[in-house]
Every structure is written in C-alpha cells, then in structure tokens.
Amino acid sequence: MPRDDDNVAVAAPAADPRYAAAAEVLERAVQGGVSDPNVLYLLALAYKRQNKFADARAALRKIMKPDANVMLQMGLLSLKEQNLAQAEGELVRARDMDKTSYEIAYNLLLTQLTLGKLNDAYNELPRLIELVTPKPDRPATPAQNPAERRFLVTLVALLRQSLKGDEVLVTDNLLLEMAEDVEARLLKVVKTLGQIDTVFRLLRTLANSRPGSLAVRETYYEAALVKAKDLMDRCSWTEAILLLRPLAAEKRVNRKNQAALLNLLGCCASLTQDHDSGITHFNAVMKLTNDDPRIYQNLALAHELNGELSEADPHWNRYFDLLDDHVPTPADLPDYSNLLAYEGLSRLAGKYSEKEKWSSAVGYVQRASGLRPNDPDTLERLFHLFANAKRFKDARRTLDQLRKLRPNDPQLDLYELDLVEVKNLNDIERMLTEIDRIMKRFPNEPRVEERAVGMVHNVIPVLGNICDKLTDEMTRVIDQVRHLPNYQINWSAVREVMRDLLKEFQKLRRIAGKCSPLVHSDDLRRTVRDLAEHIDKKMDACRSMMG
C-alpha cells in the first residue's frame, strides 16, 4: 500500500527549510495574481509540510473548483487538527468525486473507525477490497497486491465479529488462522486509531478470537489498562475494577504492565472506600517494582485513608527518598520534584500537628527545611514545633537562624517568650512584664499586638485555674473551722494558712491587673474584670478569717 505523506494521514514531519523556500516562491506567484489551481495546491502542500494547517486550508479554499485530491487534502488537514467529524465529511466528498482512489477510501475507513462508526467502516470495506483486487484488463496498481487484500479481508472478519458482540462464542476462522504479518499489521492499525472505546472493542474481539497469540494478548492487556484509566478518570471505579479483575491473574505479560494493572486496581479500590483491598493491591505492586515513588505514595495514602497514619509513615519516607528528577514533570515546572516533596512534607506535618504528635511533625518540617534552608516561613513553623515538643535548645537555635533572615521582625522577641516554661505565678508575671515591655518598644505594630493578645489570652485560663485551686484550699480550711468546736481549732495555724493564701491571691490579683491593659477585646476585658472581682472577694474572705 502506498504511504505518500501527502495522501495518507501520518504524524507531522519535522519542518524542512526547503518547504519554507518553496512556499515563499509560490506566495509571490499568488500575490502577483496567479490563480492556477496547481499553484494553490502546491502552496497548500508547502504550508502543510511546515505544519501551517490554517494557511494550507486557506490556500485550498481559493481553488474555485476543488477536485477529489483537494478534498482529500482538506480531510487530512482536519485529521491533523483532530476534527474527525469534519474530516469524515470532507473524505466522503472526496470519495464521491473519485471512487477509484484507494488513498481516499482508506483514510475514510480509518476516520470512521476512529469515530467508532464500525457499521459504516464495515460497509466501506467491500469497496476497498474491490480496489485492491487486480483487474484482468488493467495494469495492477501498487495497492493491488495479495498482502493488502488479505489484510482487508481479515479486517472485515474482525469488524463482523466485533459487531456481533462478546456474547458470540464461535470465532471466525479467518481471525483464528491469520498469518503473523497480517496480525502485526492489524494490531498496528488498531492501536493508531486513537479512540480508546473503539480500540478496546476491536482488541477484545481479537483476544477472544486468538487466545494463543501472545502479541494480541499483550496489546489487549495494554488497551484494558488505558480503558480502565479512562473509566477511573470518569469516576466509574467499580466498572474499572470489573474490567481489570479478570486480567489480574494473567502471567503472560511483562512485569511493568502487571504493576500498572495492580496499581489501577488499588486506586479504584481506595476510591470506592475499600482501603484494605487497595493496600493489598499496592503491596502486590511492590513485589514487581521497588523504585517507583508513586506506588509508595499510593500505599501511604491508602493507609492514611484507612485511619493508619503511623503505618503510612515508612511509605511516605520511602516516597520522598525516591522522589527525584526521574519522576515525570510538567514542562513549565522544572523544579517540580522539589516542589512536590515540599508540599507533601508540609501536608504531613500539618496532619501530625493536628493530632499534637509534635515529634513526627518536627521530622517532616525538618526535611522540608532541608529543601528550603533559607525560607523564613518554614523555619518559623519549625520553631513553633520545637517549642511544642519541648525541644527548647533546638527551638532557640532555630530562632537564631530566623533572626538572621528577619532581623527587623518585632515578633521574634515574643517568640522568645514561648521558650519560657510557665510553672507558677512568678513565671506568668515575668512573662506579662516582658510582653508589656515589647509592646511599648514596638507601639502600633499590629503583628506584635496580635500575638501579644494571643499570649495573654492563653494566660487568663491559667490564672482562673490557679484561682480555683486557691479557692478550694481556702474552702477546705473554712469548712473545717465551721465543723469543729471552737476549743479544737488551732487559730494560729488557720491564720498562718490564710496569710499565705492571701499573699497568693494578692499576687494573682496583681497579675490580673497587668492583663487588663494588654487586651483590647470587650469579651476578654470582661473576663479579666470578672476574675479580678472574684479574687477580691476571696481576699476579703481570707482577711475575715485572719481576724
């Protein structure tokens, strides 16, 4: 069969400077008033060879009376532009103009197959078979050869069997007994159709008709993977599982395709909330490949979705170990692997922070910081995690690094206070004094004010708890005094206890007073005021017991 690029739809060739030169000459001729159809046709071919499809179509449209060759070129341009419906219409017009052209008929056949119009293609095939059959009274054309005829006759059998449906168990002898060269040609043509539903349907028929052919089986297996991926992308997860499950036990395919199938099964199982099955499938993939980070990512996510965050940990770490430049990346994101790793590490740190598992969160942010060692936001996050994990030495070291990157950030002075362990009222009072000093040092600084208010807000419940404990202690003493006869009461000891409690309440009242000017919210001020009034009442009760 002829394979002239100007008559058959093939992949676009690399641009040749000769075509640009030819187009320039022909353009000048057309601009000079030449309207010869041959000149316009050659100009269109020169444009086409440079992949200037719009210019090629414009040149062809200037031909006043287009013939079959012009319509063929229009159809081929539409195919290159992926406009299959338009291509079919143009090729039908070309066929009606020249019913003897095998190139036109063959391109129309492939277009109809790609569109999934198996009936139309089946009805076109007798015309093609007639065109490749030699005529006794005419010289043979290149297309008229036995190999071409065998191929087309076998294609008829394949379409006929496909149109019957999968429920037909009796296969066609032509399919069962086809020669290897015909099978290879048939597989090549089917794979290039570009429409997965049609490709899968034809290959499924071939696989059912030729169970002993390894080439057919492998090609069908690959088509099933593409079809399943298409189903998964359209959220038809159960349908994809039903398609792939019978193929999971197939051993006559390469390990790479087996791994891809098991990975798809695992993804679909997890998407249907069957995370245990997803984990099983992903573990099976591990036995076939041990260096693909995406498999570790899928397994880690399956464990996460199954509520097993700790089991996901080793798989996440292996994923980040393997994530490098060998992973497919978008052309517009050259640093994609590092970006992906950073975002993934940050996400996991967030998950562990939500669960207050500070040590695990620290590990992930430390790794993220290794990717961006001079990123102040990452260091700031690492500082807070160190502080929450009580790793104050590491937190101070991180704060020193942060100060170098943000030398004029007034918040960092407040961060220093996060490293002070609050154990008693004296610690709280020192912290509030320092907060007041920093706020006066940086007046009208909203970030300092916001953080200072937040720190004071955290202190107020602590003050309330201390007040409750002191009150409970005072109440126990008062209850004992009320229930004992006067002669049994050790008033000296009672006064001593009440004197100590009064000192603590006075200190507490002083600290509450320091909180008032540091807060601006009405609700918070009201809380502080209520606490202060409550302390005043307790102080009066202490004094009354002291006589």
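The values are calculated or read from the model by the stated rules, or taken from the named source; none is laboratory data. If you're wondering where the values come from, they're calculated on a predicted model, not measured in any experiment. Here the Cβ is made from the backbone with ideal geometry for all residues, glycine too, and neighbour counts use every protein chain on show. Ligands, DNA and RNA are excluded from the accessible area calculation, which covers all protein heavy atoms including side chains. Shrake-Rupley method; radii C 1.70, N 1.55, O 1.52, S 1.80 Å.
So, with +1 on the Cβ of K and R and -1 on the Cβ of D and E, and no other charges, what is the size of the charge dipole of the range 239-336 about its Cα centre, to the nearest 20 debye? Mind dumping the intermediate values first?
Working: 8 positive and 15 negative charges, 141 e Å.
The dipole magnitude comes to about 680 debye.
Can you work out the FRET efficiency for the pair Lys62 and Thr192, with r the C-beta to C-beta distance and R0 = 30 Å, to the nearest 0.05? Could you put the intermediate results ahead of the total?
Values: r = 32 Å, r/R0 = 1.07.
Working from the Cβ atoms, E equals 0.40.
In nm, to one decimal, how far is the Asp230 label point from the Thr329 one, both placed 7 Å along Cα→Cβ?
3.2 nm
Using the Cα atoms of the range 295-406 to build a convex hull, what is its mean projected area in square nanometres?
Details: hull surface 30.4 nm².
Result: 7.6 nm².
Among Cys268, Ile241, Ile279, whose Cα projects farthest towards the positive end of the dipole of the range 229-327, with charges put on the beta-carbon of Lys, Arg (+1) and Asp, Glu (-1)?
Ile241
Compute the signed sum of charges (Lys and Arg +1, Asp and Glu -1) over the other residues within less than 14 Å, Cβ to Cβ, of Val453. Don't jump to the answer; show the numbers that get you there.
Details: positive: Arg447, Arg451, Lys514, Arg525; negative: Asp436, Glu445, Glu449, Glu450, Asp522, Asp523.
Taking every other residue near Val453 into account, the sum is -2.
Viscosity 0.692 mPa s, temperature 37 °C: Stokes-Einstein D of the range 267-322 from its Kirkwood Cα radius, in µm² per second? Can you show the working numbers first?
Details: Rh = 10.9 Å.
The estimated diffusion coefficient comes to 302 µm²/s.
By how many nm would the segment from Arg543 to Ala248 lengthen if fully extended, with 0.36 nm per residue of separation less the alpha-carbon distance?
On the way: separation 295, 0.36 × 295 = 106.20 nm, distance 8.39 nm.
Fully extending the segment from Arg543 to Ala248 adds 97.8 nm.
Just to be sure I follow the definition: excluding the sites themselves, where is the longest run in the chain that has none of the GluC sites (Glu not before Pro) in a DSSP loop with at most 12 other Cβ atoms within 10 Å? Could the numbers behind the result be given before it?
Values: sites that count: Glu167, Glu177, Glu356, Glu421.
With GluC sites (Glu not before Pro) excluded where exposed in loops, the chain gives 178-355 as its longest stretch.
Give a residue-ordered list of calculated ³J(HN,Hα) values for the range 458-464 (Karplus: 6.51 cos²θ - 1.76 cosθ + 1.60, θ = phi - 60°; whole Hz; x for Gly, Pro).
Rounded to whole hertz, the list is 6, 6, 4, x, 5, 4, x.
Helix 37-49 versus the longest principal axis of the chain: what is the Cα-based angle in degrees, 0 to 90, to the nearest 10?
40 degrees
How big, on average over all directions, is the shadow cast by the Cα convex hull of the range 239-280, in nm²? Kindly include the intermediate steps, with their values, before the conclusion.
Numbers: hull surface 11.0 nm².
Its average projected convex-hull area is 2.8 nm².
If I take the Cα coordinates of the range 90-204 and project them onto the principal axes, what are the three extents in Å, biggest first?
That gives 44, 32, 21 Å along the principal axes, largest extent first.
If you take the alpha carbon radius of gyration of the range 246-363 and divide it by 2.2 N^0.38 Å, what ratio comes out, to two decimals?
Numbers: Rg = 15.3 Å, N = 118, 2.2 N^0.38 = 13.5 Å.
Cα Rg divided by the expected 2.2 N^0.38 Å: 1.14.
Taking the Cα centre of the range 382-455 as origin, sum charge times position over the Cβ atoms of Lys and Arg (+1) and Asp and Glu (-1), and report the length of that vector in debye to the nearest 20. Kindly include the intermediate steps, with their values, before the conclusion.
Details: 15 positive and 14 negative charges, 69 e Å.
In debye, rounded to 20, the range 382-455 gives about 340.
For Asp472, what accessible surface area do you get with a 1.4 Å probe? Give it in Å², rounded to 10.
Approximately 80 Å² for this residue.
Given +1 on the Cβ of Lys and Arg, -1 on the Cβ of Asp and Glu, and no further charges, what dipole in debye does the chain carry about its Cα centre, rounded to the nearest 20?
Details: 78 positive and 80 negative charges, 140 e Å.
Magnitude of the dipole: close to 680 debye.
Cα-based Rg (one decimal) and Dmax (whole number) for the range 192-256, in Å?
Reported Rg and Dmax, both Å: 11.6, 34.
Calculated FRET efficiency, Thr238 and His457, Cβ-Cβ r, R0 51 Å, to nearest 0.05? It would help to have the intermediate numbers written out before the result.
Values: r = 51 Å, r/R0 = 0.99.
Computed FRET efficiency for Thr238 and His457: 0.50.
Any idea which of Leu432, Trp358, His384 is furthest toward the positive side of the dipole for the range 344-445, if Lys and Arg beta-carbons carry +1 and Asp and Glu beta-carbons -1?
Checking the options against the dipole of the range 344-445, the answer is Trp358.
Of the heavy-atom accessible surface of the chain (probe 1.4 angstrom), what whole percent is carbon and sulfur? Walk me through the numbers on the way to the answer.
Working: 14810 of 29020 Å².
Here it works out to 51 percent.
So how tilted is helix 214-233 from the main axis of the chain? Cα-based, degrees 0 to 90, rounded to 10.
Compared with the principal axis, the helix lies near 50 degrees.
Please grab the % of Cα pairs in the range 22-164 that end up more than 27 Å from each other.
Numbers: 3295 of 10153 pairs.
Beyond 27 Å sits 32 percent of the P(r) for the range 22-164.
If the viscosity is 1.567 mPa s and the temperature 4 °C, what translational diffusion coefficient in µm²/s does Stokes-Einstein give for the range 445-547 when Rh comes from Kirkwood over Cα pairs? Write out the running numbers ahead of the final one.
Working: Rh = 15.0 Å.
Value of D from the Cα-based Kirkwood radius: 86 µm²/s.
Positive end of the charge dipole of the chain (Lys, Arg +1 and Asp, Glu -1 on Cβ, about the Cα centre): tell me which of Leu203, Leu176, Gln73 has its Cα farthest that way.
So the residue we want is Leu203.
Can you give me the distance in nm between label points at Lys355 and Trp491, each placed 7 Å from the Cα along the Cα-to-Cβ direction?
Placing both labels 7 Å along Cα→Cβ, they lie 6.2 nm apart.
Which value does Rg/Rh take for the range 49-132 over its C-alpha atoms, Rh per Kirkwood? Provide the component values of the computation, followed by the final result.
Numbers: Rg = 12.8 Å, Rh = 13.0 Å.
Ratio of gyration radius to Kirkwood radius for the range 49-132: 0.98.
Kirkwood hydrodynamic radius for the chain: how many Å is it when counted over pairs of different Cα atoms? Working shown, then result.
Working: mean 1/r = 0.0314 Å⁻¹.
Across the chain, the inverse of the average 1/r is 31.9 Å.
Keeping all protein chains in place, calculate the accessible area per residue for the range 396-547 (probe 1.4 angstrom), answer in Å².
On the way: 9010 Å² over 152 residues.
Per residue, the range 396-547 has an accessible area of 59 Å².
If I fit a long axis through the Cα atoms of helix 255-271 and take the longest principal axis of the Cα atoms of the chain, what angle between them do I get, 0 to 90°, rounded to 10?
Tilt of helix 255-271: around 50 degrees.
Two decimals is fine: what is log10 I(q)/I(0) at q = 0.12, 0.23 Å⁻¹ for the range 383-492, from a Debye sum with one equal scatterer on every Cα and no solvent?
At q = 0.12, 0.23 Å⁻¹ the computed log10 ratios are -0.56, -1.30.
Given R₀ = 25 Å, FRET efficiency for Arg347-Arg447 by Cβ-Cβ distance, to 0.05? Intermediate values should be presented prior to the final figure.
Values: r = 26 Å, r/R0 = 1.04.
Once the sixth-power term is evaluated, E becomes 0.45.
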